[in-house]
Each structure stands twice: as C-alpha cells, then as structure tokens.
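Participant: This is the structure, below, for whatever I ask next.
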C-alpha cells in the first residue's frame, strides 16, 4: 500500500484504529527498553505505588536542578538549567 493510499484510507478508520496507528508509528522511533531498564521502571513504579508520598513535585525538582547544575554544556553551546526548567513549563 502506498503512502497516498494510506492517507486516503485514514478517514474510514475508527478513532481507536487511528490512535493505534499513531502509537505504532511513534513506537518505530522509540527503541524498546532493555530488560534491565524495564525491570528498573517496574521496580520504581512498585515502590511509588507503595509510598506515593515519596514523589517529588515537578517544581521542587526544577528548583533542585537550577541550584545543582547552573549550566549545561551542549554540542551547540550552553544552556542554563533555568532555561531547561522553563522548557519543562512549556510542555
């Protein structure tokens, strides 16, 4: 099936089919977690479920970031942690 044919068929798909199509397309760009990383995520999620009060609010994490790492070096230059925190606000 050509790309043009796929686009032509999109309106005939149900909402759940279109959502599945988008998820599958996005998954192609995101490599799967390694088994060790998957286990770590599950372990931390289980720990959070046991003690939800252990979570740290985003604002607290941003404040810690700004205090701990004032400047981040990137290949294209430097960025301040304040700029990173502000970018997180935009999401």
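The values are calculated or read from the model by the stated rules, or taken from the named source; none is laboratory data. Computed from a prediction, not measured in an experiment: that's the story for all the values here. Every residue, glycine as well, gets a Cβ built from its backbone with ideal geometry; the counts of neighbours run over all protein chains shown.
Participant: From 15, 21, which residue is in contact with a helix residue (DSSP H, G or I) (Cβ under 9 Å, 6 or more places away or on another chain), over 29 Å from residue 89 (Cβ atoms) and at pLDDT 85 or above?
Facilitator: 21
Participant: Going by the conditions given, is residue 40 surrounded by 10 or more Cβ atoms within 10 Å (Cβ to Cβ) and either in contact with a helix residue (DSSP H, G or I) (Cβ under 9 Å, 6 or more places away or on another chain) or in a strand (DSSP E or B) (or both)?
Facilitator: no
Participant: Same structure, new question: Only one of (1) surrounded by 10 or more Cβ atoms within 10 Å (Cβ to Cβ); (2) modelled with pLDDT of 85 or more; (3) outside any helix (DSSP H, G or I) fails for residue 56. Which number is that?
Facilitator: Here residue 56 meets the rest and fails (1).
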